[in-house]
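Undergrad: Take a look at the following structure, please.
What follows draws every value from the coordinates through simple rules; no lab data is involved. These numbers come from a predicted model, not from an experiment. Using ideal geometry, Cβ is built from the backbone for each residue, glycine included, and neighbour counts are taken over all protein chains shown.
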Amino acid sequence: MRNTLSLIALSVFAVSCSTQKTSATPQKPPIQVEEKKETAVKAEPVPGKIVKPQIQHQGDLDFFKINIADAAKNDNTISHGSIVSAKAAGYKISKEYFPAVGQNFRQRYIILHYTALDHDKSVRVLTEQSVSSHYLIGDQNDKIIHQLVDENKRAYHSGLSHWRGVENLNDSSVGIEIVNTGFTNGATGQREFYPYPEWQFRKVGALVKDLVDRYMILPENVLGHSDVAPTRKQDPGPLFPWKRLYEEYGVGMWYDQQVMESYMNQMDAENFYMQSTDPTFIFKYQTMLKQFGYGLNPSGSEDSDTKKTIEAFQYRFRPEKATGSMDVETYAILQALLDKYPGK
Ligand SMILES: [Zn+2]
């Protein structure tokens, strides 16, 4: 069974490479395609008209690559690999009516992690144990990104997790692990995080951009492990450059600076400090953090879960000063983000 799956994965890889139209020198496909070649149909939805895709056959596998529905609704049917079909004994599976319009991608989130291990240990743990990720960004400054799990399958990277009312994000996410030491505890007990080299950031940027484009992943669904499990996890940590990911690759969330500053100007720092211990105000910002996406239960008291959630928020949106306490600037950033990416 394992061998069969490996063969399928290899075939998929071979096909997805051979159907790329960007190569200047067309290469001979490794296996002869049995039926006529896929025509270059632009993936444009045609209102009121369904364009039937041409299904390619290669060995025992079927493939198609065309958009037949409304891409704006994450409701298209572009296939990026083989069509997995049953083999019912004694029967033929017909694709005469394939594909139905009513379908979408299961991949709705991207979750970034650091491994907190060196390269070799990361590979061993992520391939031989009960944790895994779809992709691994290693410790070499080269042109390689490692894939460990098929994008259509679940990888085990997020564990107990929550974002915007959705639990168990392994079901619907693509997990990316980055080889990085994580943090060590400094002399006074504070966490000292390790930076990401530029080339590692570039690999993450190119990979996330491709995933966002192919699966039409919403900006608010490009997340860190600490976003979806803030009471347990700190990765990818305050040194991961989320702002640059937003500015240079156009993916993920960032707030509008002017909107944030206008919220800052509306508040008086001293008054803010006075009201920051008021249970009504604590309940209010806890509700806002929950609305933004965190799995936090508003309690009206600045409990441990609340502090860890604020810290996770600061790691991501105000990494230079992660205190775990709500302050004027953190509150202004939260308001600006909620304006731009309204939660439920
Ligand atoms: Zn993680």
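Undergrad: Express the relative contact order of region 236-344 as a whole percentage, based on alpha carbon pairs under 8 Å and six or more residues apart in sequence.
TA: 35 percent
Undergrad: Let me ask something additional. Where does each of 325, 173, 130 land when they are ranked from fewest to most other beta-carbon atoms within 10 angstrom?
TA: Fewest-to-most Cβ neighbours within 10 Å comes out as 130, 325, 173.
Undergrad: Mean separation of Cα pairs under 8 Å and 6+ residues apart, divided by the residue count of region 173-269: what relative contact order is that in percent? Intermediate values should be presented prior to the final figure.
TA: On the way: 72 pairs, mean separation 22.6, N = 97.
Normalised by residue count, the contact order of region 173-269 is 23 percent.
Undergrad: For residue 251, what residues show an amide H to amide H distance below 5 Å, using hydrogens built from the backbone and excluding near sequence neighbours?
TA: For residue 251, whose amide H was placed from the backbone, the distant partners under 5 Å are 246.
Undergrad: Arrange the following residues from fewest to most other Cβ atoms within 10 Å of their Cβ: 113, 57, 146.
TA: 57, 146, 113
Undergrad: Still on this model: Using every pair of alpha-carbon atoms in region 257-340, split the distances into 5 Å bins beginning at 0 and state the percent of pairs per bin, rounded to integers.
TA: The distribution over region 257-340 is 3, 16, 27, 29, 20, 5, 0, given as percents.
Undergrad: What does the C-alpha gyration tensor say about the overall shape of region 230-269? Classify as rounded when a/c is under 1.5, otherwise prolate if a/b is larger than b/c, or oblate. Before the final figure, lay out the partial values.
TA: Values: a/c = 3.27, a/b = 1.40, b/c = 2.33.
It comes out oblate by the Cα gyration axes.
Undergrad: Further question: Which entries of 87/143; 121/153; 243/284 have Cα-Cα distances beyond 29 Å here?
TA: Numbers: 87/143 39 Å; 121/153 23 Å; 243/284 26 Å.
Listed pairs above 29 Å: 87/143.
Undergrad: What ranking do 92, 321, 233 get, fewest neighbouring Cβ atoms within 10 angstrom at the top?
TA: Ascending Cβ contact count within 10 Å gives the list 92, 321, 233.
Undergrad: Could you tell me which chymotrypsin sites (Phe, Trp or Tyr not before Pro) in region 261-344 are loop residues by DSSP with no more than 15 other beta carbons within 10 angstrom of their beta carbon?
TA: none
Undergrad: By its C-alpha gyration tensor, with a ≥ b ≥ c as the square roots of the eigenvalues, how is region 109-249 shaped: rounded for a/c under 1.5, else prolate for a/b larger than b/c, else oblate? Provide the component values of the computation, followed by the final result.
TA: Numbers: a/c = 1.23, a/b = 1.17, b/c = 1.05.
Because its axes are fairly even, with a/c under 1.5, region 109-249 counts as rounded.
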